[in-house]
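Working notes, beginning with the structure itself.
The values are calculated or read from the model by the stated rules, or taken from the named source; none is laboratory data. Values in this document were obtained by computation on a predicted structure and should not be read as measured data. Here the Cβ positions follow ideal geometry from the backbone for every residue, glycine too, while neighbour counts run over all protein chains shown. The area values use the complete protein model at the heavy-atom level, side chains included, leaving out ligands, DNA and RNA. Shrake-Rupley method; radii C 1.70, N 1.55, O 1.52, S 1.80 Å.
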Amino acid sequence: MDKKEILKEFSSDPDKYYKVKLFEEQGFVRKACSKCGRFFWTLDSGRGLCPDDADDTYSFIGEPPTTKRFDYTQAWKQVEEFFVKNNHTSISRYPVVCRWRDDLYFTIASVVDFQRVMGSKVVFEFPANPLVVPQTCLRFKDLENVGVTGRHFSSFCMVGQHSVPNSQGYWKDECVDLDFRLLTNQFGIKKEEVVFVEDVWAGGGSFGPSLEYFVRGLELGNAVFTEFQGELGQHTTLDQRVIDMGAGLERFAWITMGTPTAYDCCFGPINQKLFENIGIDSDSEILIKYFTEIAKALENFEDLNDVRRHAIKQAGLTDEQLNKMITPLEGIYLIEDHLRTLIFAISDGALPSNVGGGYNLRMMLRRINGTINRLNLKLDVDGLIDTHIDYLRDTYPELDAKREDVKRILDIESERYEESKTRMKKIADKISQKGTPSVEELITLYESDGVTPDYLKEVNAISEIPSTFYSKLSDLHQSEKKKEIEKLPLEGLPETDTLFYKDDPMEFDAKVVKVFDDHVVLDRTSFYARGGGQEPDHGIISGFKVIDVDKHADIIVHKLEGGVPKEGETVSCKVDSTRRANITKNHTSTHILNASSRGVLGSWVWQHSAFKEDDHARLDITHHSSLTNEQVKQIEDAANNMVKQNYSVTIQYFDRGTAEQKYGFRIYQGGVVPVKSVRIVSIEDKDIEACGGTHVKKTGEIDLIKITKTKRIQDGVIRLEFVSGQTAQEYVKLQEIEQRKKAEELVQKELKEKQREEEKQKTKEKIPALLEQITALSSTGTIDEIEIKVENSMKRCFTNSNQYDEFFHMNFGKKLVKKNLNSVYVGIFESGLTIRVVAYSGEEASKSKNAGNIAKSVAEILGGAGGGDAKFAQGGGKDTSKIDEAIAKAKSMILE
Ligand SMILES: [Zn+2]
Ligand SMILES: [Zn+2]
């Protein structure tokens, strides 16, 4: 939908869409900006320009429009106090990892908390009306602005004010009245300073007017009135109208503090700590001038680097001031911001990785590390995490319990980054030679090699980071694609009665309502359809084998083999109960292993996916490193302890909102649940998940869980393969047999080794006697399978006896030619899959009998190669069929 069109339409009838009671009561006048034409409402009749174009834009820096001062946490206290006083319920923030929507990784606005996707529709579920929430939101599009512009954050607190107009909630008049009084009464901002600008909002098929409110050019909030649906002109009013007012808490703090940047008043004591630590020469006059220029120029340039250059010039900064003040400041702000975002994300169960939403987290940590290195800072990151959490604890007490987890994860990640540096340096060197890479090339570099542009800048491989890099990367990794649904001829069929959620009979009768190809739809069924990683039931329908069962919306489709019954027939059905029982045990075991993994490894463990078959199952969990044998054992022991405790497994249905409030978002281990009534499976209070699968009644029924294998299947995801019940018992038996076999093999191997050692010893002992005998020999003969030819006082010896091994040949040959300078020794023997030859020729003998030539000729026959010199050489080949030929050749070369 074209927002401009809607705005034109709405602004042509301001009385209907924008004029609220407050404007009338207070005497606001409506004006059109003489520069851009936008309409705005003000108490200052002399004002001719909209907040973006006015001269007073950002003049609050250094000179706030109120005498009250509230930093970040104090600002929330003020907001909360005000709204609670005015009959709002203050609710806790929702997780920043958006578990309840599969089209978003992270929570990007407060209204997302209350949106649930049902099919193609978005519905709202509010736990209270009206309400206010300090919702932490993560946005990665403007990452390159963070630390530089003074007002961009990778995460911020959106003050969400939400109301549904009914007997409890209110509509436009009261909303704008509250927002105005918050600014003027609670914050003490003069009435004349507040300007409301007409705008519209459109998205997800609905739209409505909105009023943005500004003070001194800073947009503090935007009250959206989601009111209509359909195409403009033919639109209708929504059944459920919603007020979605979002305001930036960071900006509330900034407007009252008037610090050079919003960062200066939003990170608590960290700022001062870092300033002192690093010894920044901060001159507030210069900073106020510089950041005011940045704020004003931000919209006027395409490229952030140009904005920076402009502000440096306008503020009259010297190179020295830039290098000693602005550059380190930008670095500090970036570190503070990124660290805060990582604290929230990791606390809520996200892990840095190279997939999905983890991309952005890894990128941020690498930017932190890159900045620390580039500026050569000595920082205690763990200490900064503590300071952040100590400061945020007031508003977000849940962070307190996660501080060690956050430190742990960041530590592991930083270590990996350090380890990968040598490799990255090589890549960076190549890049500097090739010239400036394009944005696409930079994205590829990050995605396939983990090389961030910040790193490239750190090592001077590139001079500037292209301004579109982060927004492009963020677009690529915002959400997962949904899989396409197969189209089947199911239109008009009634919802299948799912008996497996009721009495769950293993034998039942049902009416055939539809047959197509080898597929059958019944009016009711106890065959569990594939879902939530649980494989389908098998069995018999009307004498035909059921080989697959799938669910398409509310209709269950059975796939048969060997034939199909007729439509309209009543058929008898039988579920393979053994298979079902096995799958069921595996499913409950998945929940048990998930809980025990989290207990053993850490709070960041979530189910990533799962698969439950008859004779095997697997659970993929989020975890940063491969598991050690010790960890696997601990997880298995913890799981079997849950089995042994024979905990009750209960299934209850809850209204989705109630389930979320009661149990938290941990229930969404298996992903999003697109139904209003949630099926909650609890293993007492040890594990509570929303799940549609079949489960045992008591954990003791599982009998045993054995983890058969674990592996890291992708960055940040570990797969646990396991078996349970009877299969686990069989597995243990097999393992015992296997172990016994292995032990026996080991004994055999040791025995053989011992024999070989003894023989070696024997031949070794033989060497001195043999040497004496051969030295004493004066005519041709054979001693202990060594053929010796004596001719012209030269002794030529050859053997291929298999009583001699490599050790013998090497030692005996060497000693023989040393003792008898005019002697030659050649031995041929088998060694593994090759046949080898060793040749020694004494000082005197080597003049006519060259050891190298002999070894080379013999090895060539065997299909290999030989090497060495005239006095000593060896070689060999794999062609064992040529052994006789090789022996003949060797004999001919020395004995003849
Ligand atoms: Zn304007
Ligand atoms: Zn489940």
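Filtering LYS754, LYS760, LYS706 for residues that are without any contact (Cβ under 8 Å) to a residue 24 or more places away in the chain and either more than 16 Å from ligand 1 (Cβ to nearest atom) or under 30 Å from ASP537 (Cβ atoms) (or both) leaves a single hit, LYS754. Scanning the stretch 178-192 for residues that are open to solvent by 10 Å² or more (accessible area, probe 1.4 Å) and either part of a loop (DSSP other than H, G, I, E, B) or not hydroxyl-bearing (Ser, Thr, Tyr) (or both) turns up ARG181, ASN185, GLN186, GLY188, LYS190, LYS191, GLU192. Taking the criterion of being at pLDDT 80 or above and assigned to a helix (DSSP H, G or I), the residues of the stretch 457-471 that qualify are LYS457, PHE469. Could you please find all residues in the stretch 27-56 being within 13 Å of ligand 1 (Cβ to nearest atom) and of a type in the set (Phe, Trp, Tyr)? PHE39, PHE40, listed by residue number. Among the conditions (1) within 16 Å of ligand 2 (Cβ to nearest atom); (2) farther than 26 Å from ALA345 by Cα; (3) out of contact with any Cys (no Cβ under 9 Å at 6 or more places or on another chain); (4) not aromatic (Phe, Trp, Tyr), ARG679 misses just one, which is (3).
Look at VAL97 and say whether it is more than 16 Å from ligand 2 (Cβ to nearest atom), modelled with pLDDT of 95 or more and within 44 Å of the chain's Cα centre (by Cα). Spelling it out, it is not the case that VAL97 is more than 16 Å from ligand 2 (Cβ to nearest atom), modelled with pLDDT of 95 or more and within 44 Å of the chain's Cα centre (by Cα).
Within the stretch 540-554, being under 19 Å from LYS502 (Cα atoms) and surrounded by 19 or more Cβ atoms within 10 Å (Cβ to Cβ) holds for one residue alone: VAL549. Within the bounds of the stretch 742-756, is there any residue that is outside any loop (DSSP other than H, G, I, E, B), more than 41 Å from the chain's Cα centre (by Cα) and small (Gly, Ala, Ser)? Yes, some residue in the stretch 742-756 is outside any loop (DSSP other than H, G, I, E, B), more than 41 Å from the chain's Cα centre (by Cα) and small (Gly, Ala, Ser). Here ALA553 meets the list (1) in contact with a strand residue (DSSP E or B) (Cβ under 9 Å, 6 or more places away or on another chain); (2) closer than 29 Å to GLU495 by Cβ almost entirely, failing just condition (1).
The residues of the stretch 49-67 that are farther than 17 Å from ILE294 by Cβ and either in contact with a helix residue (DSSP H, G or I) (Cβ under 6 Å, 6 or more places away or on another chain) or within 16 Å of ligand 2 (Cβ to nearest atom) (or both), listed by number, are PRO64, PRO65, THR66. The residues listed here are PHE500, PHE508; of these, the one that is in a helix (DSSP H, G or I) and either more than 30 Å from ILE372 (Cβ to Cβ) or touching a Cys at 6+ places or on another chain (Cβ under 8 Å) (or both) is PHE500. Screening TYR391 against (1) in contact (Cβ under 8 Å) with a residue 60 or more places away in the chain; (2) under 17 Å from the mean Cα position of the chain (by Cα) leaves a single unmet condition, (2). Taking the conditions exactly as written (in contact with a Cys (Cβ under 6 Å, 6 or more places away or on another chain), open to solvent by less than 30 Å² (accessible area, probe 1.4 Å) and closer than 30 Å to GLU660 by Cα), does VAL696 satisfy them or not? The answer is no for VAL696. Out of everything in the stretch 269-291 that is at pLDDT below 85 and not in a helix (DSSP H, G or I), what residue ends up being least open to solvent (accessible area, probe 1.4 Å)? Taking the candidates together, the pick is ILE280.
If the condition is being open to solvent by 50 Å² or more (accessible area, probe 1.4 Å) and within 23 Å of LYS3 (Cα to Cα), then the stretch 236-261 contributes THR236, THR237, ASP239, GLN240, ARG241. Remark: pairs (first residue in the stretch 349-371, closer than 17 Å to LEU476 by Cβ and touching a residue at least 24 places away in the same chain (Cβ under 8 Å); second residue of a type in the set (A, V, I, L, M, F, W, C) and not in a helix (DSSP H, G or I); Cβ separation under 7 Å; 6+ apart in sequence or on different chains) = GLY357/PHE106; GLY357/ALA350; GLY358/ALA350; GLY358/LEU351; ASN360/PHE140. On the basis of being within 29 Å of ASP475 (Cβ to Cβ), modelled with pLDDT under 95 and out of contact with any helix residue (DSSP H, G or I) (no Cβ under 6 Å at 6 or more places or on another chain), does ASP306 make the cut? Here the answer is yes, as ASP306 does meet what is asked. Annotation note: Cβ proximity below 7 Å between a residue of the stretch 845-858 that is surrounded by fewer than 20 Cβ atoms within 10 Å (Cβ to Cβ) and a residue that is of a type outside the set (Gly, Ala, Ser) (sequence gap 6+ or interchain) occurs for SER857/LYS889; SER857/MET893.
Residue count for the stretch 776-794 under the criterion of being touching a residue at least 40 places away in the same chain (Cβ under 8 Å) and open to solvent by less than 50 Å² (accessible area, probe 1.4 Å): the result is 1.
Here the strands (runs of 3 or more DSSP E) wholly within the stretch 596-696 that include at least 2 residues being among the β-branched types (Val, Ile, Thr) and in contact with a helix residue (DSSP H, G or I) (Cβ under 8 Å, 6 or more places away or on another chain) are 677-683. Candidates are the residues of the stretch 157-177 that are among the polar types (S, T, N, Q) and not in a strand (DSSP E or B); the one that is least open to solvent (accessible area, probe 1.4 Å) is ASN166.
In the stretch 462-470 there is no residue matching the filter, namely being under 30 Å from GLU721 (Cβ atoms) and within 35 Å of the chain's Cα centre (by Cα).
Of the set (1) out of contact with any Ser or Thr (no Cβ under 9 Å at 6 or more places or on another chain); (2) at pLDDT below 90, all apply to ASP264 but (2).
Among the residues making up the stretch 795-823, those that are surrounded by 15 or more Cβ atoms within 10 Å (Cβ to Cβ) and in contact with a Leu (Cβ under 9 Å, 6 or more places away or on another chain) are LYS795, ARG796, CYS797, PHE798, PHE812, LYS815, LEU816, ASN820, SER823. Here is the figure for the stretch 24-53: residues that are in contact (Cβ under 8 Å) with a residue 24 or more places away in the chain and more than 47 Å from the chain's Cα centre (by Cα) total 6. Considering each residue of the stretch 524-538 in turn, none proves to be more than 36 Å from the chain's Cα centre (by Cα) and among the hydrophobic types (A, V, I, L, M, F, W, C).
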